[in-house]
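The block underneath contains the structure these notes are about, expressed in structure tokens.
The values are calculated or read from the model by the stated rules, or taken from the named source; none is laboratory data. Just so we're clear, the structure is a prediction, and the values are computed from it rather than from any experiment. Cβ placement follows ideal geometry from the backbone for every residue including glycine, while neighbour counts extend to all protein chains displayed.
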Amino acid sequence: MSRIINTHSGTARCSQLTEAEVYDKVITMEEAVKMVHDGDGLFWGGFGYQRAPIAFAHELVRQKKRNLTIYTCGSEIDIEIMVGAYVLSRLEIAFVAIEALGLANNVRRRVAEGAIEIEDYSNLAMAMRFLGGALNVPFMPIRTLMGTDIVNKSRYRGDKKLKVIDCPFTGQKVCLVPSVQPEFSIVHVQRVDKNGNAQIDGIVGEDLEGSRCGKKLIVLAEEIVGEEEIRHSPSRTAIPAMYVHHIVVLPFVAHPMQCHNYYDYDLEHLMMFHKMTKTEEGWQEYLDEYILGVDNHFEYLNIVGWERLHSLRAKRPWGY
Amino acid sequence: MSRIINTHSGTARCSQLTEAEVYDKVITMEEAVKMVHDGDGLFWGGFGYQRAPIAFAHELVRQKKRNLTIYTCGSEIDIEIMVGAYVLSRLEIAFVAIEALGLANNVRRRVAEGAIEIEDYSNLAMAMRFLGGALNVPFMPIRTLMGTDIVNKSRYRGDKKLKVIDCPFTGQKVCLVPSVQPEFSIVHVQRVDKNGNAQIDGIVGEDLEGSRCGKKLIVLAEEIVGEEEIRHSPSRTAIPAMYVHHIVVLPFVAHPMQCHNYYDYDLEHLMMFHKMTKTEEGWQEYLDEYILGVDNHFEYLNIVGWERLHSLRAKRPWGY
Amino acid sequence: MVKYTKIEFLTACAASHVRDGENVFGGTGMPLLAALLAKETHAPHINLISEAGFIDAHPRNVPLSVADSRYYYGCAAAIGLIETLGFILQAGRIDVGFLGAAQIDEYGNLNTTYIGPYEKPKVRLPGSGGGNDIASCAKRLVIMMTHDKRKFVKKLDYMTSPGHLEGPGSREKWGLIGGGPEVVITDMCQMDFDPETKKIRLMTVHPGYTVDDVLDNVMFDLIVPEKVPQTPEPTEEQIRIMHELDPHGVYLGKGK
Amino acid sequence: MVKYTKIEFLTACAASHVRDGENVFGGTGMPLLAALLAKETHAPHINLISEAGFIDAHPRNVPLSVADSRYYYGCAAAIGLIETLGFILQAGRIDVGFLGAAQIDEYGNLNTTYIGPYEKPKVRLPGSGGGNDIASCAKRLVIMMTHDKRKFVKKLDYMTSPGHLEGPGSREKWGLIGGGPEVVITDMCQMDFDPETKKIRLMTVHPGYTVDDVLDNVMFDLIVPEKVPQTPEPTEEQIRIMHELDPHGVYLGKGK
């Protein structure tokens, strides 16, 4: 997989191409996931129930990726899926659970069996680590974490987890958290033009910083729109094309999570997922049925059923 | 001047008021400027020709404020006016000139006569100082300035101007710039609701960070809109009401600079300004005519002339 | 006499700690329901913030996630985490935050990360999320927990979020900008903190429980003042409104 | 033979340093006009960025300010300074930036802040603006100056923006991520930098000038290679297009 990528708008770090070599950034989910190598680090977009890149997680599982590290504030069933299928070996996160439903059962089991290591931070700390990565500075200062075991204990980063220093200006204690610049940023958005200019509806969580911190950015979009649509409202562009290396366009990327203005979460499916993952057998059954048992995202959607999906479509003006 | 301020939405640091005491934040320009005390520091919004708070500068001059410090990336005739009228004694800035026209004549004279001191930073450094102030951390790291006289020389901040350190994670040189949290932030926006929720059209420059770094924020708006207008598009809110202490609503706040979607700059006036300020006598003439010779902003607009102002009104879809 | 379930009681009790005009971090679950209840009753002017990025939210349906689209419609601003946790929370603009925990110690320090030794944990819990940030920075912290002896421990398995750390002066030592825990609400009682020692102290006991019930269910020495009043009961109106807020019983359960 | 003014010549010369597909910091003035000219001729796919926040801009009228609304219509994104100077520039995503200066030394270091001693300056200049940031971080830096002996100095009155600092290794010492100055364009000549010493070197001389003219107008030892070709002249098409871009002669002057 080595398509030459560039756009009408020019691409950072890739500036010697002539017009004849300007290719479209739009690729398939299979192609996108193939670019990820075992051992890579991924900034993982979405927050809580919102814009979770579930379809990308499924394909990582199908392609049997191993030893990936996920950097994110908090993720829920996407992490459960990847951890359950042994795709991830390390997490640098603040939160993993299924909000309102309960603990992350797969994570709990994989931690107990020693299959994954979690380096614990807080949401602010992770968001600042992405901001630092986007700014290309080595660390960012914060005023939380101090006094607790998040400072005192480290899983594998050792003294590179964070540093508490005396501020050279004020003498106050300040916590420095190291910036993150992983191999990839994976971010799910509502819509994108062919160049990669992306709009996000609703909250952005930590995705503005996260989309800019990875060495390569893959944008997953529900919809592709004409360039005119983007350029008509440039203030709405959350991610300019110059950051974007590849685009995957698919519907219901986040199912069973939600995508503001496009579809609501599938609470029934979520509850089923959470219930099945209470046992390893239940999880394996889910894995076989919904992920390994299908060839691609559309087959997954077929199993979920288009009537169900249709019922989840967002209603105006509420966006869910 | 001690109006009780609070809103429907509640105000940070002012939370004990009961409903009967909920007042409107909207006040007059005269009232807003009266709150500024001699010696105060002000974050100064707008960037280049865009959304310069000129009417606020005029009123500071009329009220004979003294020894103010301005913190901003770059400002142009607003700084010229305040420096020329001896309102400012210190500037922490990256840039002052009249783009496309030439040097800032008043600043040049006041520097030569020792009336103002300028602590020099770069645009990135100032923007990061505002970001640090907004985040309530004492400094921010950057990778510029190093090796130059911006590091080696300091006007009055001494060793509190900035610090170059070895990064405790990477060993690389990093420059720490101290955060700014001045008494006031002065930010000019296109529109606001009565609670203070503000929308900015076009680029934001450094105003998102700047509006959040001051101890009090005064928003100058071209237009007040109903709360429904704001809540219909919450993603467009650049400054939530909780940051806003006072609101001043006036048209053509930025004249002779521009305000995206509202009016273009008045190039003729700008050129006249720049030409007149070439001599102290010329500047005094401008000062007497356009600033001290009028009682308020509307009188200034009358002198400029409504036909001229009308001709500057922005045209769709271009916004200027 | 008003009839109520335990969850209804706790929701009303939590709501009483939200004051009008405050900036509130609601999160999800019972604290969110409590904040919404407060807004519909005694505190109409609170600014409800979700750390995912929603500011001054008025959800018409109760959200399940801090990022739930239900927070969006009619809110005043929808931004992101740097805004809510950095510009708002870390800058000292949050009046009250709510947290739950799996373990609490006598200084109100909280564990939401691991049960068992760090090196070989028995149970992985959710982790901090924004919890550490909220506990570090909110002016007041309200903690909600199920009352269980194994949760009120002498020593946490892991300290995720700071309470009063090691007692007087220790939050100041680390420059934490918030005031720390103010009250702990359980299904048996409310506790506050002794201003001198910063240790947890019994405040009120819920109807149906005694001081001894509480003392039997903590693993440290709980300060018991001379007078321990009974926690006020919810009103009919509070119960009616909370069910209007959660019509499907997501948090309150199906039966009224 | 094509007829051209000095400014037209310099604009075309500067445009030649912009390559197709690049991310370009245009600023205002002649560099902006040069970037626009490049986009209309040999480099249609450049991404023109203004530090005020405009990304991939296609202004239909020539802007006077980096924040000018003329940059807005049809651009791909309109954000702010943290985006352009932080996420884009400091992260190494700008291929070429343009700067002017009041003084330059033999390593390409620039002064845009003071003339005279720092303690008692004779003339206050605009200051850095984004200049230091661009000089620190852009992969290539193109400097445009009026050629005047007092501007090509042995020692700057104030070093605002880093060129090659004190020579080989000194940018690396401070961890500056950009490549430093690549070319200096004046109204007499183009200069580049000797790869060994990082000192300024004559590259081409404009029509009508000699090597001696240049040497008479620098106050340091300028490296002169054996062969110094003449700078290529602008084409009719370039001149026509630049006037279409600046129909009111804001930068090019009124007469063609």
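Results, tabulated for the structure shown:
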{"item": "Helices (runs of 4 or more DSSP H) lying entirely in the stretch D:161-256 (those with 2 or more residues that are in contact (Cβ under 8 Å) with a residue 12 or more places away in the chain and surrounded by fewer than 18 Cβ atoms within 10 Å (Cβ to Cβ))", "result": "D:211-215, D:236-245"}
{"item": "Of residues in the stretch C:90-124 being facing chain A (nearest Cβ under 8 Å) and in a strand (DSSP E or B), the one surrounded by the most Cβ atoms within 10 Å (Cβ to Cβ)", "result": "C:Arg124"}
{"item": "Residues that are under 18 Å from C:Ile185 (Cβ atoms) and part of a loop (DSSP other than H, G, I, E, B), drawn from the stretch C:130-152", "result": "C:Ala138, C:Lys139, C:Met145, C:Thr146, C:His147, C:Asp148"}
{"item": "Close pairs from the stretch A:97-113: first within 15 Å of A:Gly74 (Cβ to Cβ), partner acidic (Asp, Glu), Cβ under 6 Å, at least 6 apart", "result": "A:Ile98/A:Glu76; A:Ala104/A:Glu80"}
{"item": "Test: residue in the stretch A:119-130 that is more than 7 Å from every other protein chain (Cβ to nearest Cβ), surrounded by 21 or more Cβ atoms within 10 Å (Cβ to Cβ) and among the small types (Gly, Ala, Ser)", "result": "yes"}
{"item": "Pairs where the first residue, in the stretch A:38-52, is under 15 Å from A:Gly133 (Cβ atoms) and the second is assigned to a loop (DSSP other than H, G, I, E, B) and β-branched (Val, Ile, Thr), C-beta under 8 Å, 6+ apart", "result": "A:Gly41/A:Val180; A:Leu42/A:Val36; A:Phe43/A:Thr72; A:Phe43/A:Val180; A:Trp44/A:Thr72; A:Gly45/A:Thr72"}
{"item": "Those strands (runs of 3 or more DSSP E) lying entirely in the stretch A:123-229 with at least 1 residues out of contact with any Lys or Arg (no Cβ under 8 Å at 6 or more places or on another chain)", "result": "A:139-142, A:163-166, A:184-192, A:216-224"}
{"item": "Scope the stretch C:41-79; condition outside any loop (DSSP other than H, G, I, E, B) and small (Gly, Ala, Ser); matching residues", "result": "C:Ser50, C:Ser69, C:Ala77, C:Ala78"}
{"item": "Filtered residues of the stretch B:267-293 (kept if among the hydroxyl-bearing types (Ser, Thr, Tyr) and either under 16 Å from B:Ala97 (Cβ atoms) or assigned to a helix (DSSP H, G or I) (or both))", "result": "B:Thr277, B:Tyr286, B:Tyr290"}
{"item": "Residue ID - nearest to C:His45 (Cα to Cα), chosen from residues in the stretch B:224-263 that are buried (at least 18 other Cβ atoms within 10 Å of the Cβ) and of a type in the set (Gly, Ala, Ser)", "result": "B:Ala241"}
{"item": "Residue within the stretch B:93-112 that is touching a Phe, Trp or Tyr at 6+ places or on another chain (Cβ under 9 Å), under 23 Å from D:Leu89 (Cα atoms) and either part of a loop (DSSP other than H, G, I, E, B) or not assigned by TED's automatic domain parsing to the domain that holds B:Gly282 (or both) present", "result": "yes"}
{"item": "Residues (more than 14 Å from every other protein chain (Cβ to nearest Cβ) and farther than 13 Å from B:Gly210 by Cα) located in the stretch B:29-52", "result": "B:Met29, B:Glu30, B:Glu31, B:Ala32, B:Val33, B:Lys34, B:Met35, B:Val36, B:His37, B:Asp38, B:Gly39, B:Asp40"}
{"item": "Residue among A:Glu229, A:Glu209 that alone is within 9 Å of another protein chain (Cβ to nearest Cβ) and not hydrophobic (A, V, I, L, M, F, W, C)", "result": "A:Glu209"}
{"item": "Any hit, the stretch D:80-89, residues being part of a loop (DSSP other than H, G, I, E, B) and either more than 7 Å from chain B (Cβ to nearest Cβ) or under 13 Å from the mean Cα position of the chain (by Cα) (or both)", "result": "no"}
{"item": "Positions within the stretch B:294-320 being within 12 Å of chain D (Cβ to nearest Cβ), surrounded by 11 or more Cβ atoms within 10 Å (Cβ to Cβ) and part of a loop (DSSP other than H, G, I, E, B), in sequence order", "result": "B:Ala314, B:Trp318, B:Gly319, B:Tyr320"}
{"item": "Sole exception among (1) more than 9 Å from chain B (Cβ to nearest Cβ); (2) within 22 Å of D:Gly178 (Cα to Cα); (3) under 17 Å from the mean Cα position of the chain (by Cα) for D:Gly127, by number", "result": "(1)"}
{"item": "Residue match in the stretch D:32-47 (condition: touching a residue at least 40 places away in the same chain (Cβ under 8 Å), of a type in the set (Val, Ile, Thr), at the interface with chain B (Cβ under 10 Å from one of its Cβ atoms) and farther than 30 Å from B:Arg129 by Cα)", "result": "no"}
{"item": "Qualifying residue in the stretch D:141-160 (condition: facing another protein chain (nearest Cβ under 7 Å) and of a type outside the set (A, V, I, L, M, F, W, C))", "result": "yes"}
{"item": "Among the candidates B:Met146, B:Met128, residue that is assigned by TED's automatic domain parsing to the domain that holds B:Ser89, hydrophobic (A, V, I, L, M, F, W, C) and in contact with a Gly (Cβ under 9 Å, 6 or more places away or on another chain)", "result": "B:Met128"}
{"item": "Some residue of the stretch C:183-195 being more than 27 Å from C:Ile134 (Cβ to Cβ) and either within 17 Å of the chain's Cα centre (by Cα) or among the polar types (S, T, N, Q) (or both)", "result": "no"}
{"item": "Residue pairs meeting the criteria (Cβ under 7 Å; at least 6 apart or on separate chains; first assigned by TED's automatic domain parsing to the domain that holds B:Val248 and under 14 Å from B:Asp78 (Cβ atoms), in the stretch B:272-300; second surrounded by fewer than 15 Cβ atoms within 10 Å (Cβ to Cβ) and β-branched (Val, Ile, Thr))", "result": "B:Tyr290/B:Ile303"}
{"item": "Qualifying residues in the stretch A:159-194 (those that are within 14 Å of chain C (Cβ to nearest Cβ) and out of contact with any strand residue (DSSP E or B) (no Cβ under 8 Å at 6 or more places or on another chain)) - the one nearest to B:Thr144 (Cα to Cα)", "result": "A:Thr170"}
